[in-house]
Each structure stands twice: as structure tokens, then as C-alpha cells.
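Notes follow once the structure below has been shown.
Only the coordinates and a few stated rules stand behind these numbers; no lab work does. Keep in mind it's a predicted model, so treat the numbers as computed, not measured. All Cβ positions, glycine included, derive from the backbone under ideal geometry; neighbour counts span all protein chains shown.
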Amino acid sequence: MKLEDLKGLGEERIRKLNEIGIYTIDELMATPRRVLEKALGDQMIEKIYEQIYDQDDLVTAEEYYDKKKKIEYISTGVEKLDELLGGGIETKATTEMYGEFGSGKSQLGFQLAVMVQKPKEEGGLEGKTIFIDTENTFSPERIEQIAQAKGVEEALKNIYVARVFTAEHQIAILKKIKDRIREDGNIRLIIIDSLMARFRSEYLGIDTLSHRQQKLNEYLQELLRIAEEYNIAIYYTNQVMEMPAVFGDPIKPVGGSVLAHFSTYRMYIRKAKKDKRVIRMVDSPKHENFEVLVEITKEGVIDG
């Protein structure tokens, strides 16, 4: 069923839905009512709900598993890490990498933006990337260096970059991202470097925490809808804070429980000797906790 198939909706209301980034029934169903009220009004929402929810939402686990098989993987370019991840980072999922400054979070993001362009038989999806830069970390020079080592030509032509300056800008740009995804038709990866930087710097003090987490939750839910609707992989980096009173490693990711519950896969990267790094799977619904040693070189991130 398409938006045009809904009785009583009409061209004007479809236009209003498009303006807020809703183009499909799935997106309509996943949008909170309070957002729809601005575009449609209470009476029309009720009529639409009667139509779109008048169906059997229960499926067998076997049918659900068949849908899960449509998930694809983007190689990280690191053989041991790919093996532990079951092929690379997943589409229709979110992968978080947190760590201290200079640990290599962005480096892996650059490498993924190159790897996604490779043929499927080489671990890619022959696709493009949207790179959301919140800390002025995007480095075309570094990407070209990695691309040359990986045998990918004209890599920069297949990467869209959005420089974000505020949390509100970061949220608002999702609408433009969805438009670009629909226009291009071949975007398979979204990278956010880093996800919490703007939220963390603008919402200061305990009195702003509740509002920040609410805005963050809305942003994350929209990200997940994009990943699921368009079969896209989402990789984002995250900052850390030090909690000396905590037993064990005092380094913890920022973002609180909202981000912790949202990330499908959560990994921690830390510095080892020289250019070596240790990547640890912290949280996953299907992987065991593991550690893998990698190395950051001129050619990119490789097995350590």
C-alpha cells in the first residue's frame, strides 16, 4: 500500500507528509502521533489509523527470519573483525564505536566509506555514503589514501558530506538525508562522527539533561527508521568520559541509557602499543563479547 492508496488523504495532505519526511506507509506507521497531528489533524489521523492498522501484524518466527535474511554486510576491511562480526557491519542496524580522542574511531569510519563502494564479492555493496561531520573530522585526503590502498577509484565522488554545527541542525538534516536517499537510490551507509558531540556541548547542566535525552531519543528513533526502511547501515562514533570511582575500566561512553539501549552493536576501541588498537564488543544481541587487535597504518585499519 502507498500513501496515495489511503482513502481521504488527498494530494495536499500527502505533500504535507512529504515535507516532514514521510513518503511510505512504513514511515507513516513509525511516526509518533503528535508529529502527524501538525500535518493531518486528529480526525484524519483516526481515519488513516483505521486503514493502516486493519491488518494482521503477527507473523511466525520463520517469516520474521526470512525478512532478517535481507540484511547485508559491509566489510570493515579488517579480516579478523569481519569474522567476529559475521561479515562486517549490518544494514538495518546501528553500530556504535566509542573511545578516547585519537583512538581510531574516525579512521574506521573513513575505511567503511571506502569499503562500501567495493563490489559485493569483495565485501562491499557497490554503494555510497552520507558522512555527517559534527566535529570537523572529515578528511578527504585520508579517504583518498585508504581508497588507493584498497583499489577504489574516485572514492570521494561517492561520499556526501554534511557539516553540522548545532544539535538542532543535526536533527533537521535528517529530512534532507532522506530526500537524498530517495533521489540517489544507492546510499547504503550513513556515518556520524561523532553522534553526541553537539548534544553534549549544547545541553549543559543537570537541568537540561531531561530535554537533551528526549531530543536525542527522537533523533535516534528517526535514524533507526531510515536504516530499516532503506536497508542502510549506520555507523557512528561516540565520545567518552572518565569515571574514576567505577571498578575496572573508568572509560565510559556518553549518552546515557538512551544511547545504550539504542545501539544494536556497541564496540569500544582503545589504544595499545604504538599504532595498535584493541576493539572490544561490549553489547550485541547475537555476538559473544570479544576482543580483536588492529593496527592503524598509512593504508588504513588492518589486522594487528
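Taking amide H positions as modeled 1.01 Å from N, with prolines and chain starts lacking one, the residues under 5 Å from residue 282 and 5 or more places away or on another chain are 266, 267, 268. Ignoring lysines fewer than eight residues from residue 150 along the same chain, the ones with Cα atoms less than 26 angstrom from its Cα are 80, 92, 105, 118, 120, 128, 271, 273, 274, 276, 298. I'd like the distance separating the alpha-carbon centroids of the range 255-304 and the range 97-126, in whole Å. Cα centroid to Cα centroid, the span is 12 Å.
Given R0 = 41 Å, the distance between the Cβ atoms of residue 210 and residue 249 translates into a calculated FRET efficiency of 0.90.
Under 14 Å of direct C-alpha separation, and excluding same-chain neighbours fewer than eight residues apart, residue 286 reaches these aspartates and glutamates: 83, 90. Selection among 191, 99, 171 by position relative to the dipole of the range 67-303 gives 171 as farthest towards the positive end (Cβ unit charges, Cα centre). Cα convex hull, the range 3-52: 66 Å³ per residue, rounded to a whole number.
Could you work out how far the C-alpha centroid of the range 161-213 sits from that of the range 1-79, in angstrom? Spelled out, the Cα-based centre of one part sits 22 Å from the other. According to the Cα-based calculation, Rg over Rh for the range 116-263 is 1.01, with Rh computed by the Kirkwood formula. Placing unit charges on the Cβ atoms only, positive for Lys and Arg and negative for Asp and Glu, gives the range 157-272 a dipole magnitude near 280 debye about its Cα centre. Relative to the Cα centre, the charge distribution of the chain, modelled as +1 at Lys and Arg Cβ and -1 at Asp and Glu Cβ, gives a dipole magnitude of about 780 debye.
For the pair residue 24 and residue 63, what calculated FRET efficiency results from E = 1/(1 + (r/R0)^6), where r is the Cβ-Cβ distance and R0 = 22 Å, to the nearest 0.05? Plugging the Cβ-Cβ distance into 1/(1 + (r/R0)^6) gives 0.60.
Cross-link partners of residue 38 among lysines, defined as those whose alpha carbon lies under 17 angstrom from its own and excluding same-chain residues fewer than eight positions apart: 16, 47, 175. Since only 124, 250, 111 are under comparison, the one whose Cα sits farthest along the positive direction of the charge dipole of the chain, derived from C-beta charges on Lys, Arg, Asp and Glu, is 250. Close amide H contacts of residue 94 (hydrogens built in the peptide plane, cut-off under 5 Å, sequence separation of 5 or more or a different chain): 264, 265. Once backbone amide H atoms are built at 1.01 Å from N, residue 89 has 74, 76 as its partners under 5 Å, excluding neighbours fewer than 5 places away on the same chain. Over the C-alpha atoms of the range 193-304, the Rg to Rh ratio, Rh being the Kirkwood estimate, stands at 0.99. Phi angles of the range 187-194 translate, via the Karplus equation with coefficients 6.51, -1.76, 1.60 and θ = phi - 60°, into HN-Hα couplings of 8, 10, 8, 10, 10, 10, 10, 10 Hz per residue; Gly and Pro are given as x. For residue 103, neighbours were defined as the other residues whose beta-carbon sits under 10 Å from its Cβ, and their charges (Lys and Arg +1, Asp and Glu -1) total +3.
Projecting the Cα atoms of 29, 45, 3 onto the charge dipole of the range 3-52 (Cβ charges, centred on the Cα centre) puts 45 farthest toward the positive pole.
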